[in-house]
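Peer 1: Attaching a single structure in structure tokens format; questions to follow.
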Amino acid sequence: MDLLDCLEDSVSLSSMAFMVPQDDVHDILATLFARERAAARPASDYMVRVQTLGMKALWRAQVCDWMTSMAAAVDFEATTVALAIHYLDRYLSAVAIRQSELELVALVCVMTASKFHEKDSLTVAEVAQMIDDKYTPAAILALERQVLQVLQWKLHAILPSHFINAYVALLPTDIVDAVADLCADLLPTVTKDLSSLEFYPSEVGYTVFCAALEQLNLVAAIPTYAGESTRLNECDEVVEAIFEANIASKRGRRLSIDTSAPVAAAPSKQRPRSPSNVEDFFEEEAAARSIQRRRLSSSP
């Protein structure tokens, strides 16, 4: 039996901002600012201080991409994968792991986040199937129990997307979709970079939101940051550097592609690849995005 069979019946902060009048959104922001100071957060230096068994920042970035692809493939919300990455970082802030353990830890974090945020969550049986039954259900449950103990069962989290959603709710309706879509594209690029953990969620969320407005030539809509922060400028510089590095990386990959070589068609039905070999992850990332979830009870 799964440890998290019953979830709290509550409206998520990420959706709340769109369900209340704009006058109340400022109250939501004030609550978010207050809660983030007391909320559990991962250690920004865990890669050096805790991960002594060979863990690399590159592995985290790649497994974040894989978790995002897998969540999209099974129709999970963006908040679910953000929670899963948050749980992963908090777990890695306390427990050193080897490369061979990363896939199961990541999957258990996704499963836990889905139980907390999704109506149709991953099951232990599905997790076992996704990793080719390399681990027994008992082993998966044991790791889930350990993850929950490390998290101290504190599954509520304040995320950058909560602030972004509140800011978006304050915008004129004619620009909401464009800004929200661009923020949804930009935020994962930032949060998969380890340096983003150095800042509060409000700082990351506000900086990404402002970057989206600047890219859309909507600087007049930039709101005032209402929290307490002395590091907004530093966060802005870090986020800008992340964007520049991401653009350079994409440009380099495009230049390395041999356009004369035939491109193999991606399979239309295949489970998301588990990142047991994170160094080779990007070779199949594109194929993973086209995958649709197949429940164990469904027919082939």
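Peer 1: Dipole size in debye (nearest 20) for segment 31-177 around its Cα centre, Lys and Arg Cβ +1, Asp and Glu Cβ -1? Before the final figure, lay out the partial values.
Peer 2: Details: 13 positive and 16 negative charges, 158 e Å.
Charge dipole of segment 31-177: 760 debye, to the nearest 20.
Peer 1: Among 247, 242, 85, what is the fewest-to-most ranking by other Cβ atoms within 10 Å?
Peer 2: Numbers: 247 11, 242 19, 85 25.
Listed from fewest to most nearby Cβ atoms, that is 247, 242, 85.
Peer 1: Would segment 40-150 count as rounded, prolate or oblate if I go by the C-alpha gyration tensor, calling it rounded below 1.5 in a/c and otherwise prolate when a/b exceeds b/c, oblate otherwise? If you can, show how the numbers build up before the last one.
Peer 2: Details: a/c = 1.59, a/b = 1.32, b/c = 1.20.
In terms of gyration-tensor shape, prolate.
Peer 1: Based on other C-beta atoms within 10 Å, arrange 100, 44 from fewest to most. Kindly include the intermediate steps, with their values, before the conclusion.
Peer 2: Working: 100 10, 44 16.
Ordered by Cβ neighbours within 10 Å, fewest first: 100, 44.
Peer 1: Here's a follow-up. In terms of the Cα gyration tensor, with a ≥ b ≥ c the square roots of its eigenvalues, is segment 160-256 rounded because a/c is under 1.5, prolate because a/b exceeds b/c, or oblate?
Peer 2: Values: a/c = 2.07, a/b = 1.28, b/c = 1.62.
Taking the square roots of the gyration eigenvalues as a ≥ b ≥ c, segment 160-256 is oblate.
Peer 1: By count of other Cβ within 10 Å, fewest leading, how are 114, 121 ordered? Don't skip to the answer; put the middle values down first.
Peer 2: Working: 114 25, 121 21.
By the 10 Å Cβ count, ascending: 121, 114.
Values in this text are rule-based calculations from the coordinates and carry no lab data. Values in this document were obtained by computation on a predicted structure and should not be read as measured data. All Cβ positions, even for glycine, are placed from backbone atoms using ideal geometry, and neighbour counts span all protein chains on display.
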